[in-house]
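Notes for the one structure printed next.
The values are calculated or read from the model by the stated rules, or taken from the named source; none is laboratory data. These numbers come from a predicted model, not from an experiment. Methodologically, a virtual Cβ is constructed for each residue, glycine included, from the backbone with ideal geometry; neighbour enumeration extends over all protein chains shown. For accessibility, only protein heavy atoms count, side chains too; no ligands or nucleic acids. Shrake-Rupley method; radii C 1.70, N 1.55, O 1.52, S 1.80 Å.
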Amino acid sequence: MSRPRLVVARSALPIVLAMSVLAGCQAEEAVRPAYFTDVASAVGLDFEHSAFHWEVSADLPSMMGGGLCWIDYDDDGWLDLFLTNTWTGIEWGRWYASDGIPTSALYRNDRGEFEDVTEQAGVATELRGNGCVAADFDLDGQTDLYVTSDRENALFWNNGDGTFAEGATEAGADDNGWHTGALVGDFNGDRWPDMFVAGYADINSRIPGATGGFPNTFFPVRDLLYLNEGPGQDGRVTFREVGESVGLDVFSELEDHEYGLGGAVVDFDGDGDLDLYVANDTNPNRLYENVSVPGGVASDPLGIGFRFEHVPESGADDDNSGMGVAAGDYTGDGMPDLFVTNLGSQLHSVYVNQTESTLVFEDGTGSLGSPDLGGEFTGWGATWADIDLDTDLDLVLANGRIPLLDRTADAEPMQVLANQSAQSGNAEFLDVSSKLGLSELGPLLGRGSAVADYDNDGDLDVAVNSIGSPVRLLRNDVGGRWLIVALEGFHPGATVTAVLADGTELVRTVAAGSSYLSSEDPRAHFGLGDAEGVTQLKVQWPDGTETVAEGIGRNRIVTIDPPS
């Protein structure tokens, strides 16, 4: 059994809490309802998304917006923020003649205050950034960045000295085309992180005679699966693209591929390997089961060792506008459920995991109660997160209309839907957006959103990347009991279970790549409600091993080491 290493967390009462953690005692927390305040400018986040700076035009990649990544690039225990940026095609000349071509940006978090380090970090490329994912691809202890765009993608290797070096071409991860969401996990069980990259639309190749709306007027771009080959003779990690070989985005009933956006990498059936869910715009969403090749890599003529088998009977394959994806156990039964955002004229999709021997999901839309789940707002970023620290998972949504015709008229409010499981035992939801201060925020052209505890005070905050607008950082001012679990090393797909004194089990899955085009807090976060702490903490590592820790108090950050 591993012993957790205590890491002091900054709180509303930093000195008292730090002393309490070190002494093994408990600090008295102030219980306050959740409330969001936009503090972006106050803490030094002066980023502004650059699309449609002067006027709105029919620039399709710009309308789809961009994502953002929480990444501790300097490994100091404080999450830094990377934001993708783009420029509208017809405005390129005006940017070039004025301030220069806009770039994506990296902000270093210094105990809750941010500093723009884009130039010195070496990530100021003129790429028309779309999505991003934060991942330690070479397992050197430093988190790298992968950025997608409508042309080519970039892989920024973390040098460990505050700088990055771009190396997508050398690594074999530079396929051209419009790519969107990127998700990371060890799919073949060799302990090296692989990467799924969703393909979207080829806007240089129209479909002759197409009568449907975008994206169906253009040929789709196929999804990619980069298999991590580990370090070569020069010590650098390389990738092999095996998407079609493992069964991605290839269906006999279709003449072509589909339009991928968001997704989730989770062990949906609890069999010990990572499965894949892909949200496709106007095409059926796809759930892929990870199935091992008998005999493993040695018996596989392709040298891969697994295949992704599409599960058409899963019940999670609606053909709406599939944009953002949230995976989490919102029902409290220990199995990861799914939420998918859709166009405003459609309902969002809610899938409750009913898997026993085969992957099966049940439509849960009607069971959520009466909050607006579509029909009015178009959703993008989506996250299951315990915003009010009452133990159950709430839902955070970033909204904004598409097609974008008017920057003011097409903006829409953010939403937080509060899960009532902890209060009533039933997973019904209430729209508490106005109670949490989101009406004061006003409407946004929201796209990528990502949840994280940026100030290490125990509650979850929200960052939103909005088209042509300043970034928003919504600081959560809730008071209550909590626990944050960090895993030493990089272990996407690990499952962390916190057992409370009454036997309640809270389950969280560590993910690299989530929401819409984004990466969220890589740590597992638990609201503890009235619990004094956690009687048992269990970590199921991706390789099947388990670590168990006993008797962990509340209001602290613990770091768990993997088995040696």
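Pop out the Kirkwood hydrodynamic radius of the chain from its pairwise C-alpha distances, inverse of mean 1/r, in Å to one decimal. Please list the in-between numbers first.
Values: mean 1/r = 0.0427 Å⁻¹.
It is 23.4 Å.
Let me know the volume per residue of the alpha-carbon convex hull for the stretch 460-564, in Å³. Each step should come with its number before you reach the end.
Working: hull volume 11.7 nm³, N = 105.
Hull volume normalised by residue count: 111 Å³.
Calculate one ³J(HN,Hα) per residue across the stretch 393-399 by plugging θ = phi - 60° into the Karplus curve 6.51 cos²θ - 1.76 cosθ + 1.60, and present them in order as whole Hz with x for glycine and proline.
Each residue's phi maps through the Karplus curve to give 8, 8, 10, 10, 10, 9, 10 Hz.
How large is the direction-averaged shadow of the alpha-carbon convex hull of the stretch 82-199, in nm²?
8.5 nm²
Just how many % of Cα pairs in the stretch 327-473 lie over 23 Å apart, if you round to the nearest whole percent?
The share of Cα pairs beyond 23 Å in the stretch 327-473 comes to 35 percent.
Take the Cβ-Cβ distance between E48 and E356 as r, set R0 to 45 Å, and report the resulting FRET efficiency rounded to the nearest 0.05.
0.35
How far apart, in nanometres, would the label points at E313 and R151 be if each is projected 7 angstrom from Cα along the Cα-to-Cβ direction?
4.8 nm
Using alpha carbons only, what's the Rg to Rh ratio of the stretch 149-259 with Rh from Kirkwood?
1.04
For the chain, what relative contact order do you get, as a whole percent, if you take Cα pairs closer than 8 Å and at least 6 residues apart?
Numbers: 1655 pairs, mean separation 94.9, N = 564.
17 percent.
How long is the gain from D561 to R32 if the chain were fully straight, where each residue apart is worth 0.36 nm and the alpha carbon distance is subtracted?
Working it through step by step, the gained length comes to 187.1 nm.
Could you give the length gained by full extension between D116 and E505, i.e. 0.36 nm per residue of separation minus their alpha carbon distance, to one decimal place?
Extra length from D116 to E505 when fully extended: 136.0 nm.
Using alpha-carbon positions, what is the distance between the centroids of the stretch 442-491 and the stretch 161-201, in Å?
First find each Cα centre; the distance between them is then 24 Å.
For the stretch 452-543, report the accessible area per residue in Å² (1.4 Å probe, heavy atoms, rounded to an integer).
Per-residue value: 26 Å².
Please work out, to two decimal places, the log10 of the ratio I(q)/I(0) at q = 0.08, 0.15 Å⁻¹ from a Debye calculation in which every Cα of the stretch 220-379 carries one identical scatterer.
-0.27, -0.85
If each of D530 and E376 carries a label point 7 Å out from its Cα toward its Cβ, how far apart are those two points in nm?
3.4 nm
Please compute the length gained on full extension between L139 and T211, using 0.36 nm multiplied by the number of residues separating them and subtracting their Cα-Cα distance. It would help to have the intermediate numbers written out before the result.
Details: separation 72, 0.36 × 72 = 25.92 nm, distance 4.75 nm.
Working it through step by step, the gained length comes to 21.2 nm.
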